[in-house]
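Please read the structure below before turning to the comments.
The values are calculated or read from the model by the stated rules, or taken from the named source; none is laboratory data. Remember, it's a predicted structure, so these values are computed and weren't measured experimentally. Every residue, glycine among them, receives a Cβ derived from its backbone with ideal geometry; neighbour counts consider all protein chains shown.
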Amino acid sequence: MTPSDQSNTHSAAKLGALSRFRVLDLTRARAGPTCVKQFADFGADVIRIESPLHLGEGMLMAGGRLGFDMQNLHRNTRSITLDLKTEEARNIFYKLVATADVVVENFRPDVKERLKIDYPVLSAINPKIILASISGFGQDGPYRKRPLFDQTAQGMSGLMSVTGEPGSGPMRAGAAVTDITAGFMSAMGILTALLEREVSGKGQWVQSSLVQAGVSLMDFQAAKYLMTGQVPEQVGNDHPTSMPTSCYACSDGYMNVACTGEPMWLKFCEALGVKELKDDARFTFEKDRVIHRKELNAVLSGIFKSKTKDYWVNRLNEYGVPCGPIYNVRDVFNDPQVMSQHMSTKVDHPELGEVTLLSQGVKLSRTPAQITRVAPALGEHLRDVLAEIGYSTDEIKKLIEQKIV
């Protein structure tokens, strides 16, 4: 009987597309929990393994255990505590591995080897296990043991070198893009490994890193360098290869316009009602508009400032030109289109009352993601989980007294 076939007493076992899978979550910070959240929201039995209280809770995210980060990243999970530095706790972990499909960790590469929870050890216990390792730099190479956080990864992957106004110096993105992308990529890798396991019957080791994620996000900028040798530079809010694709100030705020190719350029000029733009030889073809971006933006800035962003958004959409207002986060969640996509979900918390959490960004028509439970208290499900793998009430009490769990 495979781990996926085993009976599962998890309360949400019959809910969700991934309810047949058990995931052991050893992660901290953001990249690992982002990965695990994808499974928890689709019904997998995610067991979060934390350090016992006497060892301290380690690095919690902004606001502590009741803060928005913890509630966002760790909803729909169960929590147990294990001191994995002890042999007794590792034996408990090994028993859980025998029942699981996936283990996700984001220790530095040498840590799991010291703890004896690396892939060779886990696959010997359960050949079907999939271990996902998320790190700063990867599992090998000269920097493998170095610590890394998102902003440093943004810098080392090239993202900061192409972000910001020309000559302004490097600029980080306004969200933890390498953390989040590494989490998403790892989740995709795990799902791929689970699908492959249906054919081979074997697990495997899935690896991703913040730097790999950042380099992947460079996409066409990286491809340009690899194929041409040209190093991309900062161009601010302008698109590097397509103009006018940029941010423009209106009379009451800012908007984005994405005008690509000649047919759309003609529609754009018609929408603005400025014939001289269409007839100006500097702007006839896209390559010319890129070369003369400063002159083009100077003309467009005067036009857009003459009316409100709502006027221009409606006007350009009438002509099929992609565009939209630039929002702050409050604006985002008040936008009727965002509201129609249900990008936030209300859930009851025993201490905080009703809280609103960020929803999944993907929809499934028949088995959608669900947020059914807030982030757990430390070790909240310890007794339940240990009982599931055969520990008696007295044995659990003894483990707690010995501070093994």
Query raised in the report: Is one or more of the residues making up the stretch 81-89 buried (at least 23 other Cβ atoms within 10 Å of the Cβ), among the small types (Gly, Ala, Ser) and at pLDDT 95 or above?
Result: no
**Report entry** Unique residue being modelled with pLDDT of 95 or more, surrounded by 20 or more Cβ atoms within 10 Å (Cβ to Cβ), of a type in the set (Val, Ile, Thr) and out of contact with any His (no Cβ under 6 Å at 6 or more places or on another chain) when the list is Val231, Val215, Val206
**Finding:** Val206
Requested in this report: Looking only at the stretch 126-182, count how many residues are touching a residue at least 40 places away in the same chain (Cβ under 8 Å), of a type in the set (Asp, Glu) and closer than 29 Å to Lys95 by Cα.
Outcome: 0
Query raised in the report: When you go through (1) part of a strand (DSSP E or B); (2) outside the structural domain of Leu15 (by TED's automatic domain parsing) one by one for Arg315, which number turns out not to apply?
Result: (1)
Query raised in the report: Within the stretch 235-264, can you find the residues that are under 25 Å from the mean Cα position of the chain (by Cα) and outside the structural domain of Asn314 (by TED's automatic domain parsing)?
Result: Gly236, Asn237, His239
Requested in this report: Tell me which of these Val329 doesn't satisfy, since it passes every other one: (1) outside the structural domain of Asp310 (by TED's automatic domain parsing); (2) without any contact (Cβ under 8 Å) to a residue 40 or more places away in the chain.
Outcome: (1)
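Condition check ((1) buried (at least 21 other Cβ atoms within 10 Å of the Cβ); (2) over 23 Å from Met343 (Cβ atoms); (3) modelled with pLDDT under 95) across all residues:
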{"position": "Asp5", "(1), (2), (3)": "no, yes, yes"}
{"position": "Ser11", "(1), (2), (3)": "no, yes, yes"}
{"position": "Phe21", "(1), (2), (3)": "yes, yes, no"}
{"position": "Leu24", "(1), (2), (3)": "yes, yes, no"}
{"position": "Gln38", "(1), (2), (3)": "yes, no, no"}
{"position": "Asp41", "(1), (2), (3)": "yes, no, no"}
{"position": "Ile47", "(1), (2), (3)": "yes, yes, no"}
{"position": "Leu53", "(1), (2), (3)": "no, yes, yes"}
Query raised in the report: Which condition breaks for Thr356 when tested against (1) farther than 16 Å from Asn76 by Cβ; (2) assigned by TED's automatic domain parsing to the domain that holds Arg78?
Result: (1)
Query raised in the report: Quick check, is Asp310 without any contact (Cβ under 8 Å) to a residue 12 or more places away in the chain and surrounded by fewer than 15 Cβ atoms within 10 Å (Cβ to Cβ)?
Result: no
**Report entry** Residues located in the stretch 333-365, provided they are out of contact with any Leu (no Cβ under 9 Å at 6 or more places or on another chain), β-branched (Val, Ile, Thr) and either surrounded by 12 or more Cβ atoms within 10 Å (Cβ to Cβ) or in contact (Cβ under 8 Å) with a residue 12 or more places away in the chain (or both)
**Finding:** Val338, Val355, Thr356
Query - the stretch 255-306, residues that are in contact (Cβ under 8 Å) with a residue 24 or more places away in the chain, among the small types (Gly, Ala, Ser) and surrounded by fewer than 18 Cβ atoms within 10 Å (Cβ to Cβ) - result: Ala258, Gly261, Ser301, Ser306
